[in-house]
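The next block holds one structure in the form of structure tokens; read it before the comments.
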């Protein structure tokens, strides 16, 4: 017997707990909600907590926009100990007695702001010759990783917790590994270090204040109040130019047909085409036409 799938469309923001992977959260919500489609916007390691945007239904077609947005993290570096994974879950591979002062740490932070090169951690999901880096390591093969360009908008030391630990906040772009950032900050002050804590407090348009725990989500489901708490598909599309349509134009686009481009649109630009504020399609301007690239609303 085919399982019933619910036509749920929108974004649900989860406060992911420590110990669960992003796919574990998706699996639990899939069982709980039975959506037609489900996905997540931005992976969090099991030892990390915080904002995990969950796309439901047609929102899964906008996941890339959630992942491309800036992200904010709080993290703690534990100095003097290096682990295989650059976090507290890995085996200890080296220790030393060096501990930095607040002044020493603050003096190196400007080096990490802007567009910088970063070497990803060896234990990562990056693919090397078609294989995940962490799978290669588990087979005893050292993956040959390459540094990548990343963007860090801001980085601050927010609290000295002890001689061994300091708390930081970073706002960064897509592809940043905060584990690597912690490792590199420690190295820059002549120390070893790993992350003992990591929490994402914002991801694109979503903030921790928008997030629900899994227990709260279950409670909202039982009370039939969850749907009203979802964020619209357009929440992650605030940076995309909007093109307002008439009902006739919206019908044409929803059937995959092109329209004559209105005056003032920019060549080669993607627009979100809307009808009365509701998303109909993504369109691209091609010559004197606008062509639908993704359709979200169908008309009878």
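Here is how the numbers come out for the structure above:
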item	result
Relative exposure of 231, 197, judged by other C-beta atoms within 10 Å (fewest first)	231, 197
Estimated distance in nm for a label pair at residue 99 and residue 223, the labels positioned 7 Å out from Cα along Cα-to-Cβ	4.7
Theoretical gain in end-to-end length, residue 239 to residue 149 [0.36 nm per residue, Cα-Cα removed]	30.2 nm
Residues 61, 27 arranged by fewest to most Cβ contacts within 10 Å	27, 61
Rounded if a/c under 1.5, otherwise prolate or oblate - the stretch 238-278, Cα gyration tensor axes	oblate
Gaussian network model of the chain, springs between alpha carbon atoms under 10 Å - residue of 160, 171, 63 with greatest fluctuation	160
Candidates 277, 57, 248, ranked by Gaussian network fluctuation over the chain, Cα under 10 Å, top entry	248
Theoretical gain in end-to-end length, residue 37 to residue 161 [0.36 nm per residue, Cα-Cα removed]	40.3 nm
Label corresponding to P(r) over Cα pairs in 10 Å bins from 0, in percent when calculated from the structure given, among (i) 6, 25, 34, 26, 9, 1, 0; (ii) 6, 23, 27, 23, 15, 6, 1, 0; (iii) 7, 32, 38, 19, 3, 0	(ii)
Ascending count of other beta-carbon atoms within 10 Å, so fewest first, for 285, 14, 265	265, 285, 14
CD proxy at 222 nm, helix term only [per DSSP H run n ≥ 4: -39500 (n - 2.57); per residue of the chain; nearest 500]	-5500 deg cm²/dmol
Top of 85, 274, 60 by mean-square fluctuation, Gaussian network on the chain, Cα under 10 Å	274
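Computed from the coordinates by the stated procedures, all read-outs in this text should not be read as laboratory data. This structure is a prediction, so every number in the text was calculated from the model and none was measured. Please note: Cβ atoms are built from the backbone with ideal geometry, for glycine as well, and neighbour counts cover all protein chains shown.
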